[in-house]
Amino acid sequence: MKMIFIPKYLIQAVLLFLICLLAGGVVWNVVSPANDSFYAEPTMMEPVYCGTTKENCVALAINVDWGEDVLPDMLDTLAEEDAQATFFITGRFAEQFPEIVAQIAEAGHEVGNHGYAHPHPDQLTVEQNKEDITKAEQILEPLIGVKPMLYAPPYGERGETVLTAAEQCGYTTILWTADTIDWEQPAPSHEVLIQRVTGDKLQKGAILLMHPKAHTAEALEDIIETIRDKGYTCVKVSDVL
């Protein structure tokens with residue numbers, strides 16, 4: 001029987017190739033998307049600070065946890081100026097003043113979710129945030145006839161627990177491009193309120209934040225007219241996304 005001799009260097013080369021092949025398979029198994037311990041699709045939706053519309057429009061976002069005495073004046077001004085807005089309303093406010101919430105919706109404005117009790121969301125777990133959001137939703141939906149789709153976290157907090165909770169509840173989280181900061185004391189002047197939301201940050205898709213404060217209601221007409229003079233119209237938040 002004839003013997004076949006394989007050179008030692010050839011055996012070493014084959015063994016090295018097999019080792020590399022095996023090692024490559026192990027590495028692929030680790031980093032492959034099929035391996036859930038290493039790879040996971042992102043689940044946290046980033047908040048929206050400014051819309052992406054190409055139209056010359058901006059959105060008025062009005063966060064509501066109080067101000068039942070001011071909101072009728074704001075609604076009158078919006079109607080007179082033919083402007084629209086999105087009102088982010090807490091569940092506890094809607095529970096106490098359902099007729100105002102219904103009036104807002106009937107006037108053609110958008111109603112968003114501002115949570116139920118206006119907590120600090122970053123201090124809550126995902127489940128606690130979900131509970132706060134869904135509790136508000138259960139109050140708002142019967143009043144406006146549809147489930148709200150936009151959520152404005154109280155205090156503008158945007159930690160992982162609240163963003164995850166909002167997404168799991170089916171919401172887009174909304175923050176803002178420019179803020180009136182109308183809650184500060186002493187109250188900002190008429191001119192300061194206008195400048196804060198119609199200055200350098202005014203752009204297509206901008207989300208302009210305010211609250212139902214008396215001085216804001218007084219400045220609202222001039223805010224809208226300044227925005228219009230700069231070539232923009234005031235619409236709902238969903239219209240600029």
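Nothing in this text is a laboratory measurement; each read-out follows from the coordinates by a stated rule. Since the model is a prediction, treat every value here as computed from it, not as a measurement. When we count neighbours, we look across all protein chains shown, and the Cβ atoms used for this are built from the backbone with ideal geometry, even at glycine.
Just a few scattered comments:
- Selection within segment 197-221: residues that are within 23 Å of the chain's Cα centre (by Cα) and without any contact (Cβ under 8 Å) to a residue 40 or more places away in the chain. The member of this set that is surrounded by the fewest Cβ atoms within 10 Å (Cβ to Cβ) is D200.
Rundown of residues vs (1) assigned to a helix (DSSP H, G or I); (2) free of Cβ contacts under 8 Å to residues at least 40 places away in the same chain; (3) of a type in the set (S, T, N, Q), yes/no style:
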| site | (1), (2), (3) |
| --- | --- |
| A136 | yes, no, no |
| V146 | no, yes, no |
| Y155 | yes, yes, no |
| T161 | yes, no, yes |
| G170 | no, yes, no |
| T173 | no, no, yes |
| W176 | no, no, no |
| P186 | no, yes, no |
| Q195 | yes, yes, yes |
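- Test result for T172, under 24 Å from P72 (Cβ atoms) and among the polar types (S, T, N, Q): no
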